[in-house]
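Chemist: My questions all concern the structure below.
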């Protein structure tokens, strides 16, 4: 799958190329390698806007070990913050930081990365973008500029009813 590596970013649009350089220069994914990191969200599928961040999902088995790695590897970055949350009944660890001109969120949980909602949504959205073409992509980006989150923007254009996060997973 093309998302297993960030190499596709190197030949992508200007923001994708910049994200690639930042991730490579700071060895972000290399430091997370033991946790099967995957870049997800809007940047990989080229529907990001200027305020979009880089979202990296990880899978950990030992939460204290994962948290320790995050602190050791990233606490010197600007605006570093580490917190624990429960999202949809799952314990998660969330680290936020700024590397160069990018806000980066590192999201970890015990669920394998390819089973996490962020990855599944991105793969479905990528497929929809390919199926519906460039004008659909531009409409998604315009909705995002108007304040829509990504999944609600897709749900709006596809006329899905109910929870957009759950409805997209059904496609």
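Chemist: In this structure, does residue 66 turn out to be in contact (Cβ under 8 Å) with a residue 24 or more places away in the chain, farther than 23 Å from residue 150 by Cα and within 19 Å of the chain's Cα centre (by Cα)?
Modeler: For residue 66, the condition - in contact (Cβ under 8 Å) with a residue 24 or more places away in the chain, farther than 23 Å from residue 150 by Cα and within 19 Å of the chain's Cα centre (by Cα) - is met.
Chemist: Surrounded by 15 or more Cβ atoms within 10 Å (Cβ to Cβ), closer than 30 Å to residue 62 by Cα and either under 16 Å from the mean Cα position of the chain (by Cα) or at pLDDT 95 or above (or both): which single residue out of 94, 143, 129 fits that description?
Modeler: Matching residue, one of 94, 143, 129: 94.
Chemist: Somewhere in segment 60-75, is a residue closer than 30 Å to residue 130 by Cβ and either surrounded by fewer than 22 Cβ atoms within 10 Å (Cβ to Cβ) or modelled with pLDDT of 95 or more (or both)?
Modeler: Taking every residue of segment 60-75 in turn, none turns out to be closer than 30 Å to residue 130 by Cβ and either surrounded by fewer than 22 Cβ atoms within 10 Å (Cβ to Cβ) or modelled with pLDDT of 95 or more (or both).
Chemist: Name the residues in segment 41-60 that are more than 17 Å from residue 23 (Cα to Cα) and outside any loop (DSSP other than H, G, I, E, B), would you?
Modeler: Within segment 41-60, just 59 meets the criteria.
Chemist: Keeping to segment 97-118, report how many residues are free of Cβ contacts under 8 Å to residues at least 24 places away in the same chain and either surrounded by 19 or more Cβ atoms within 10 Å (Cβ to Cβ) or closer than 22 Å to residue 19 by Cα (or both).
Modeler: Looking only at that region, the number is 2.
Chemist: Just checking, how many residues over segment 76-91 are modelled with pLDDT of 95 or more and either over 18 Å from the mean Cα position of the chain (by Cα) or surrounded by 13 or more Cβ atoms within 10 Å (Cβ to Cβ) (or both)?
Modeler: 6
The values are calculated or read from the model by the stated rules, or taken from the named source; none is laboratory data. Keep in mind that what you see is a predicted model, and the values were worked out from it rather than measured. Glycine gets a Cβ as well: all are built from the backbone with ideal geometry, and neighbour counts include every protein chain shown.
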